[in-house]
Amino acid sequence: MVTNQQVRELALALPGASEQGHFGKPSFRVGKKIFATLHEDDRRAVLKFPVPDQQALVAMEPEVYETGGWAHQGWTLVNLKRVRKARFVDQLELAWSQVASKKLRADRG
């Protein structure tokens, strides 16, 4: 399980990350590119994954991951009440890496 506050803290700890509103919800960005949004009321996050990773996650754990209208771009809903924190940390970093510059990714190691 991951709390809304943990999502915020983990996202903002990534290099170059900032928080900005997006259609009334917090979004986490690198520059102008969004890598995650937080749906605080229903305890879900939306993360940007490579489409093959998204498809595998949804097939393996449909109670944790689901797709919506932007699935073709890799956007994936994550149920924060069901996801393990360690796994979410890895997935948030993957989402960040989808939009971060080569320099930021290289600096991260």
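What follows is calculated from the coordinates using simple rules that are stated; it is not laboratory data. Since we're looking at a predicted model, the values are computed, not measured. Cβ sites come from the backbone with ideal geometry, for glycine too, and all protein chains shown count toward neighbours.
What are the residue pairs meeting all of these: first residue in segment 45-74, first residue acidic (Asp, Glu), second residue part of a helix (DSSP H, G or I), Cβ atoms under 9 Å, and 6 or more apart or on different chains?
Listed pairs, sorted by first residue: 53/91; 53/94; 66/58.
Which of the residues spanning segment 32-54 are small (Gly, Ala, Ser) and either surrounded by fewer than 12 Cβ atoms within 10 Å (Cβ to Cβ) or more than 21 Å from residue 106 (Cα to Cα) (or both)?
If the condition is that a residue be small (Gly, Ala, Ser) and either surrounded by fewer than 12 Cβ atoms within 10 Å (Cβ to Cβ) or more than 21 Å from residue 106 (Cα to Cα) (or both), then 45 is the only one that fits.
Would you be able to tell me the number of residues in segment 7-34 that are more than 12 Å from the chain's Cα centre (by Cα) and under 21 Å from residue 84 (Cα atoms)?
2
Please find, within segment 55-76, the residue that is surrounded by the most Cβ atoms within 10 Å (Cβ to Cβ) out of those that are outside any loop (DSSP other than H, G, I, E, B) and small (Gly, Ala, Ser).
So, considering only residues that are outside any loop (DSSP other than H, G, I, E, B) and small (Gly, Ala, Ser), the one surrounded by the most Cβ atoms within 10 Å (Cβ to Cβ) is 71.
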